[in-house]
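Okay, so here's the structure we're looking at.
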Amino acid sequence: MSSPVISVSRLKRSFKSGTGEVTVLKDISLAVPQGEFVAVMGASGSGKSTLLNILGGLLSPDEGSVVVDGRDIGSMSDAALTVYRRDRVGFIFQMFNLVGTLSVEENILLPSLAGGRRVSAAALDAMIEKVGLSHRRHAMPDTLSGGEQQRVAIARALISEPALVLADEPTGNLDSENTRLMGDLFQDLHRTQGCAFVLVTHAPDVAMWADRVIVLKDGRIVDDRPTTEFPGPVELSSFYERTLNDAL
Ligand SMILES: Nc1ncnc2c1ncn2[C@@H]1O[C@H](COP(=O)(O)OP(=O)(O)OP(=O)(O)O)[C@@H](O)[C@H]1O
Ligand SMILES: [Mg+2]
């Protein structure tokens, strides 16, 4: 088997707070093989975004090793981290984060252009088609619905064929119909691109898109199992509630 895309060992991270320090991630170890789709669940403040930001090279670990795509990102220089983020990671956030003065296709191409990489016209057309925005490719973001904006963000994250896609509550601002469309799209893209996906969500129906679900509580992984253990989101939801109550 090939080495995992993500290999995290004994990761710790603290933040300064008014009175001292709070440890937000405590001894996290995690491996994600190539092509696996992992959902991360946990209460507000449990450290989900902090973990994602460390995996994406936006935040440094205090202790432990974080190896992504064969590189120890804890020991990389700022310049190397910038290149890593741009070339190897696709980010998708709750707030879409599109550039308002650029069109749909310019937003999709922006990270690649910034990295000096050419995306072929055929690859751009195929991606725009895949996310269902062929008729809106010259539109400006503020004329798009929330679901359409998120599809632009997804195309932008995936056009560079990253090793790892990180999504932080990507459906948090979407209605149920757009959430369902997003699920079909994510699973399709995940299958065809073969990169690892890590998706943070509060919603059990969204977590069910993944191969595996990890539950964080107070900065620790308190459960980790395949979603195939659950017949559906209802069962995952009651497991999740139980896990949070049982965990120390
Ligand atoms: N830059 C920072 N400085 C100080 N404290 C921080 C910082 N970033 C996060 N924290 C704290 O770390 C804890 C975990 O935050 P994090 O954003 O990882 O939680 P989360 O699980 O993503 O929560 P939510 O579900 O609300 O998004 C919180 O208590 C938060 O206030
Ligand atoms: Mg968060």
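The values are calculated or read from the model by the stated rules, or taken from the named source; none is laboratory data. The shown structure was predicted, so the numbers you read here are calculated from the model rather than taken from an experiment. Every residue, glycine among them, receives a Cβ derived from its backbone with ideal geometry; neighbour counts consider all protein chains shown. When the accessible area is computed, the model is the full protein with side chains, heavy atoms only, and any ligands, DNA or RNA have been set aside. Shrake-Rupley method; radii C 1.70, N 1.55, O 1.52, S 1.80 Å.
On the stretch given as region 195-212, residues that are within 11 Å of GLY35 (Cα to Cα) and either in a helix (DSSP H, G or I) or of a type in the set (Phe, Trp, Tyr) (or both) total 1. Consider region 52-84 and keep the residues that are in contact with a helix residue (DSSP H, G or I) (Cβ under 7 Å, 6 or more places away or on another chain) and of a type in the set (Ser, Thr, Tyr). The one that is surrounded by the most Cβ atoms within 10 Å (Cβ to Cβ) is TYR84. Of all residue pairs spaced 6 or more apart or on separate chains, those with beta-carbon atoms under 6 Å, a first member in region 41-65 that is over 20 Å from ALA163 (Cβ atoms) and modelled with pLDDT of 95 or more and a second member that is near ligand 1 (Cβ under 7 Å from one of its atoms) and of a type in the set (Gly, Ala, Ser) are LYS48/GLY42. Do we have LEU102 as crowded, with 16+ Cβ neighbours inside 10 Å and either among the aliphatic types (A, V, I, L, M) or touching an Asp or Glu at 6+ places or on another chain (Cβ under 8 Å) (or both) here? Against the criterion (crowded, with 16+ Cβ neighbours inside 10 Å and either among the aliphatic types (A, V, I, L, M) or touching an Asp or Glu at 6+ places or on another chain (Cβ under 8 Å) (or both)), LEU102 does not qualify.
The test for being away from ligand 1 (no atom under 16 Å from the Cβ) and surrounded by 14 or more Cβ atoms within 10 Å (Cβ to Cβ) does not hold for ARG13. Among residues of region 195-204 being of a type in the set (A, V, I, L, M, F, W, C) and crowded, with 22+ Cβ neighbours inside 10 Å, the one that is farthest from the chain's Cα centre (by Cα) is CYS195. With among the polar types (S, T, N, Q), surrounded by 19 or more Cβ atoms within 10 Å (Cβ to Cβ) and part of a helix (DSSP H, G or I) as the only criterion, which of THR192, THR171, THR179 stands out? Step by step, each of THR192, THR171, THR179 is checked, and only THR179 is among the polar types (S, T, N, Q), surrounded by 19 or more Cβ atoms within 10 Å (Cβ to Cβ) and part of a helix (DSSP H, G or I). Of the set (1) closer than 24 Å to VAL8 by Cα; (2) in contact with a Phe, Trp or Tyr (Cβ under 8 Å, 6 or more places away or on another chain); (3) of a type outside the set (Asp, Glu); (4) open to solvent by 20 Å² or more (accessible area, probe 1.4 Å), all apply to ARG225 but (2).
Taking the conditions (1) surrounded by 15 or more Cβ atoms within 10 Å (Cβ to Cβ); (2) farther than 19 Å from ARG212 by Cβ; (3) within 16 Å of ligand 2 (Cβ to nearest atom) in turn, SER46 satisfies each one other than (2).
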